[in-house]
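The values are calculated or read from the model by the stated rules, or taken from the named source; none is laboratory data. As the structure is a computational prediction, the values presented were derived from the model and not from experiment. Positions of Cβ are backbone-derived with ideal geometry, glycine not excepted, and every protein chain shown enters the neighbour counts.
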């Protein structure tokens, strides 16, 4: 194996593993949110705010962190980001006030920016014809959400709350040392685009449409992965370990379906495929709203939703080079940020709905309505015009 090929594979492995650990940090609040809510005497809305807060910074900072990675080098930015998120991890076990806890949760959100850093870092190592497969593999770092739901309740049950964050610190230190030792800095292009050129994608309507779709698909993945531990405990009185297992399974299904969505979109019309997936989300969301009290039907619908949004994540990213060939990297960053932001609002809505109506049902109705809006947009913007062209 040549040194260049070995370096590129090492870069891919380290970036993916580092993202998985970082995403565990990003999702570390939600599996123990109920315990924190009891300790701080939080309302349903306050608990939802706590769960949603890490998503906020992890979303809006994806664009600048991706640009920074392109300019300075992904290895430097990756290691610097992981060192930074150790700081709030140190203080979470010590916190005594809710406002300070919210601040620390916000800072933990920087862990979510590693998606943009990983994409920038990994893509620099591989030729264009391999980008689809390679970025699909790197995207598997999202499995960190599932690992958080699986492992964190176990650590909490066996070692105690504080050791959740001590364990994550140890894991990050190990990854930082391995990354620094084994991986090389990415090749940085001499043809650097100006910030104005990189931000010009906001003028392209396709950027906004893809962001809308990813707001639904990836936003649902993040929101439900984070909110399910709390939801399953509140709605079905599940213990934290079992609620974490449901969340982990949801995140795992959605993550594993992502590359499948990209592969299927290669063989089918991606816009028609996306419209079919939006119809599925509408049906599953309404099923969850109407049959919320039925555990078997609800869990069936939630896993079918994981299947649909996971496939949708892969399809949306497959559409990026189709509609924006000249500025794929910048569009990817913008769409990724929108998707992450899509994970911020649903927990807030679900918490507010539960507090005001006594039930989560209306929250899932809102999910169905939003999926319906996305269905109308994809039909009117991408499918219907092509059908008219074919008739002519």
Can you give me the number of residues within the range 100-114 that are touching a residue at least 60 places away in the same chain (Cβ under 8 Å) and in contact with a helix residue (DSSP H, G or I) (Cβ under 6 Å, 6 or more places away or on another chain)? 6
Can you tell me which condition residue 293 does not meet? The list is (1) outside any helix (DSSP H, G or I); (2) within 20 Å of residue 336 (Cα to Cα), and all the others hold. (2)
Filter the range 125-157 down to the residues that are outside any helix (DSSP H, G or I) and under 18 Å from residue 318 (Cα atoms), then identify the one that is modelled with the lowest pLDDT. 127
Of the residues 12, 87, 68, 57, which single one is surrounded by fewer than 19 Cβ atoms within 10 Å (Cβ to Cβ), in a helix (DSSP H, G or I) and in contact with a helix residue (DSSP H, G or I) (Cβ under 8 Å, 6 or more places away or on another chain)? 87
Just checking, does the range 215-229 include any residue being at negative phi and assigned to a loop (DSSP other than H, G, I, E, B)? no
Given the conditions (1) crowded, with 17+ Cβ neighbours inside 10 Å; (2) over 18 Å from the mean Cα position of the chain (by Cα); (3) modelled with pLDDT of 90 or more, report the number of the one that residue 328 does not fulfil. (3)
